[in-house]
4 protein chains.
Amino acid sequence: MSRVAAPPSGAEAAPFGWPVRVYWEDTDAGGIVYYANYLKFFERARTEWLRERGIHQQALKLETGGMFVVSEARVKYVKSARLDDELWLTTSLTESGRAAMTLHQQAHLKHAGAPVLLCEATIRASWVNALGKPTRIPQVILDKLL
Amino acid sequence: MSRVAAPPSGAEAAPFGWPVRVYWEDTDAGGIVYYANYLKFFERARTEWLRERGIHQQALKLETGGMFVVSEARVKYVKSARLDDELWLTTSLTESGRAAMTLHQQAHLKHAGAPVLLCEATIRASWVNALGKPTRIPQVILDKLL
Amino acid sequence: MSRVAAPPSGAEAAPFGWPVRVYWEDTDAGGIVYYANYLKFFERARTEWLRERGIHQQALKLETGGMFVVSEARVKYVKSARLDDELWLTTSLTESGRAAMTLHQQAHLKHAGAPVLLCEATIRASWVNALGKPTRIPQVILDKLL
Amino acid sequence: MSRVAAPPSGAEAAPFGWPVRVYWEDTDAGGIVYYANYLKFFERARTEWLRERGIHQQALKLETGGMFVVSEARVKYVKSARLDDELWLTTSLTESGRAAMTLHQQAHLKHAGAPVLLCEATIRASWVNALGKPTRIPQVILDKLL
């Protein structure tokens, strides 16, 4: 939780980062990013984190019929983001089991000084087969996750 | 275009109506309903218009693999809607062919006086088969449409 | 968590209920409701729960500039919902403080037998003033909440 | 309509381009990008097109209270996009008046061969002042548009 995201720098064990820009679609009449949309941002970041590991979800779905589904999400909203803001999303694997993985994700506001934490989440994603049944994560994926 | 929607009344040839409430998710930082979301509202209204005719899209998709996809949308935005507003959506079939149908849809603001036109659209929906190829609308649907 | 939602019946201490229909907009390529969209459903249900208590958010925003913002969300996804499914959303106030309230919300699938739990959440909503600063919930709201 | 988008190349009068990746949030149970979401993609592209011209909408909204709102959208859906697809969005100003501008936008699928046209739109955006009334586009914006 105190791990500082490092957008431009390249600290050694820095978590995987992904930029997100706030557009009109992301905001609500309160003038801020609508709370559900952080789950979209986190999902984009997870997808890119998987892609970086060579895990392509559409290809997997076509080949195996299986996919990751979120089984639990714990989200803390700390500060608000607004239209045109640039966010920096980080993703770290905190636990990996046979049937599910747990990720820690943060959204920071990129600005002149230090990044400001806006939102953070713990996400548990489980693997389901083509029938939607929870099952073991295919070995080919597990090999790439760790 | 001048056909007045008649929410509570029951005028004989009144187009099919469906209520939509504006929630936070529908608005943007301009304080109004985000323009893309009217396409969501129109789609809900089309789905209910189909359902009223006994056409259930999930069942059709499971049985035939086919579905309607929008091939063209022409939307005019007249006035803005805001959080908590109650809209009344109308749907009329204006043309029905072998492979596509065209609908006229309007969104009115319900309020004390006459309904106020917010947005209207002409939507062309084509039938595609399980492979995503445009094809004839199944007869079982055509029979229910007219 | 084992409190059964009772859609049509009128059990005395039944939590506030609100129906939600699943449309195309709510689903994703996995064929199920996209995980972030349950937060939209829960928000609609909270809005209606507030409205039933005479709390109108748009009016409050215009009068006071203040609004509720979600500061924490814990969501468990139990089963998936699909296109055309009818959900029943329940909302219960579990804690109310000076500056925030905590709600327990559930989404059940309505079907022939007993309702099936799909998703449940604990939501903490804090009041912020026109400047976006956390502050005391206005007394006029507190009076209506309890 | 026959103007070919040129993602990587640098043809002289090439329209402004912007990449969009398809995530789970963009798709629906048909396995394709939900039709309303192209309006989100086009809006991101317009925002970046404006930004390239030095027009920052959040800053303008804070300074003047005014903003562009879409008054008309004509959208043709040609082919479907799927999860993980990479799109290339182009934006060209086709008409600029005192109170509104008209843009032509296209979404192409980036792939090995020539880009494939997925969707194209003509969008009319009008300027409204802080009260939501249509009014002249501020000169400072007009100067940057042309």
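Brief remarks on what is shown
- Over chain A, DSSP H runs of length four or greater, each weighted -39,500 (n - 2.57), average out per residue to a 222 nm ellipticity of -6500 deg cm²/dmol.
- Counting only Cα atoms, the protein assembly as shown measures 59, 52, 51 Å along its principal axes, largest extent leading.
- Per residue, the accessible area of chain C comes to 43 Å² when a 1.4 Å probe rolls over the protein heavy atoms.
- Inter-part distance, the range B:78-146 to the range C:93-146, computed on C-alpha centroids, equals 35 Å.
- Rounded to 10°, Cα long-axis angle of helix D:37-52 versus longest principal axis of chain D: 50 degrees
- Considering only A:GLU48, A:GLU63, A:GLU72, the Gaussian network model of chain A with Cα springs below 10 Å gives its largest mean-square fluctuation to A:GLU63.
- Neighbouring partner chain Cβ atoms per residue of D:35-47, average, 10 Å criterion: 6
- Taking all Cα pairs closer than 8 Å and separated by 6 or more residues, the relative contact order of chain C comes to 27 percent.
- Residues C:THR64 and C:ARG98, FRET efficiency given R0 of 22 Å [Cβ-Cβ distance, rounded to 0.05]: 0.85
- A 1.4 Å probe, protein heavy atoms only, puts the accessible area of D:CYS119 near 0 Å².
- Ligands, DNA and RNA left out, the accessible area of the range D:15-145 computed with a 1.4 Å probe is 52% carbon and sulfur.
- Check: the protein assembly as shown dipole with +1 on Lys, Arg Cβ and -1 on Asp, Glu Cβ, in debye: 0 debye
- Counting only protein chain heavy atoms and rolling a 1.4 Å probe, the accessible areas of D:LYS110, D:LYS40 rank, largest first, as D:LYS110, D:LYS40.
- A 1.4 Å probe, protein heavy atoms only, puts the accessible area of A:ARG51 near 40 Å².
- Across q = 0.09, 0.13, 0.14 Å⁻¹, chain B modelled as identical point scatterers on its alpha-carbon atoms has Debye log10 I(q)/I(0) values of -0.30, -0.60, -0.69, in the order of the q list.
- Qualifying trypsin sites (Lys or Arg not before Pro) for the range C:62-109 [loop in DSSP, other Cβ within 10 Å: at most 13]: C:LYS79, C:ARG98
- Label-point separation in nm, B:VAL78 to D:VAL116, each point 7 Å along Cα→Cβ: 3.9 nm
- Whole-Hz ³J(HN,Hα) from phi, Karplus 6.51 cos²θ - 1.76 cosθ + 1.60, for the range A:98-106, glycine and proline x: 6, 10, 7, 10, 10, 10, 10, 10, 10
- Other protein chain Cβ atoms within 10 Å, averaged over every residue that makes up D:66-75: 6
- Comparing D:GLY30, D:GLY54, D:GLY132 in a Gaussian network model of chain D (Cα springs below 10 Å), the most mobile by mean-square fluctuation is D:GLY30.
- Within 10 Å of the Cβ of each residue in A:83-93, the mean number of Cβ atoms contributed by other protein chains is 2.
- C/A buried area, accessible surface, summed, 1.4 Å probe, Å²: 2000 Å²
- Placing +1 on each Lys and Arg Cβ and -1 on each Asp and Glu Cβ, with no other charges, gives the range A:15-145 a dipole about its Cα centre of roughly 380 debye.
The values are calculated or read from the model by the stated rules, or taken from the named source; none is laboratory data. This one's a predicted model, so the numbers in the text were calculated from it and none came from an experiment. FYI the Cβ positions are ideal-geometry reconstructions off the backbone, even for glycines, and counts take in every protein chain you see. These area figures cover heavy atoms from the full protein model, side chains too; ligands, DNA and RNA do not enter into them. Shrake-Rupley method; radii C 1.70, N 1.55, O 1.52, S 1.80 Å.
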